[in-house]
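Data first, discussion second: the structure below is written as structure tokens.
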Amino acid sequence: MGLKSDRWIKEMVEKHRMIEPFEFNLVRKGVISYGISSYGYDIRVADEFLIFTDVYSTIVDPKNFDDRSFVKVKGKECIIPPNSFCLARTVEYFRIPRGVMGICLGKSTYARCGIVVNITPLEPEWEGHLTIEISNTTPLPAKIYANEGIAQVIFLEADEMCEVSYKDRKGKYQGQRGVTPPKVEKEVR
């Protein structure tokens, strides 16, 4: 398994439509950067946010998620309250080939402001918008800019194909569009 270059990423985009829309350059002037980089792709956060709130004093339970746990916001920016977080999604839609895995890391511009970005791995044959968790670890409100960079995906290509891909498993987040709260598959008895 090896780290893949900008040339390889461009080839995979052309061959598999791996990232749509795709920016063939690194856009940096006046924005938090996004687009192709040397060994990865800087993704953008869309303008849809679910900001967590304690207004209804619900319990955040991944097995029984209560939609009253968040406030929906759509706009050019999002203000995350102190010591809180939001869910968002990428502008980009991904189609990960079977022999590829993506690992995502937050951008240093946000990290230097106490903003932590968490995204789970992009598994072989997964497709959809990435749901992004953005945590404000500071005691102050934090601003996130829609349609600008939020994190970088690093792609790894496997030496051999996996036996079972995300698509084969019929993963519960396959084909997700928009910001997707947690889901747990119901037990069949």
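Values in this text are rule-based calculations from the coordinates and carry no lab data. Remember, it's a predicted structure, so these values are computed and weren't measured experimentally. Note that we place each Cβ from the backbone using ideal geometry, even for glycine, and neighbour counts take in every protein chain shown.
Exactly one residue among 141, 182 is at negative phi, in contact (Cβ under 8 Å) with a residue 60 or more places away in the chain and in contact with a strand residue (DSSP E or B) (Cβ under 7 Å, 6 or more places away or on another chain), and that residue is 141.
Would it be correct to say that residue 164 is farther than 21 Å from residue 52 by Cβ and part of a strand (DSSP E or B)? No, not satisfied. Kindly evaluate residue 44 against the criterion of being buried (at least 17 other Cβ atoms within 10 Å of the Cβ), under 20 Å from the mean Cα position of the chain (by Cα) and closer than 24 Å to residue 142 by Cβ. So residue 44 passes the test. Among the residues of the stretch 13-28, those identified as assigned to a strand (DSSP E or B) and β-branched (Val, Ile, Thr) are 19, 27. In summary, residue 116 fulfils each of the numbered conditions (1) crowded, with 16+ Cβ neighbours inside 10 Å; (2) under 21 Å from residue 34 (Cβ atoms) with the single exception of condition (1).
Yes/no matrix, rows are residues, columns are (1) part of a strand (DSSP E or B); (2) buried (at least 19 other Cβ atoms within 10 Å of the Cβ):
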site	(1), (2)
104	yes, yes
110	no, yes
125	no, yes
134	yes, yes
139	no, no
153	yes, yes
178	no, no
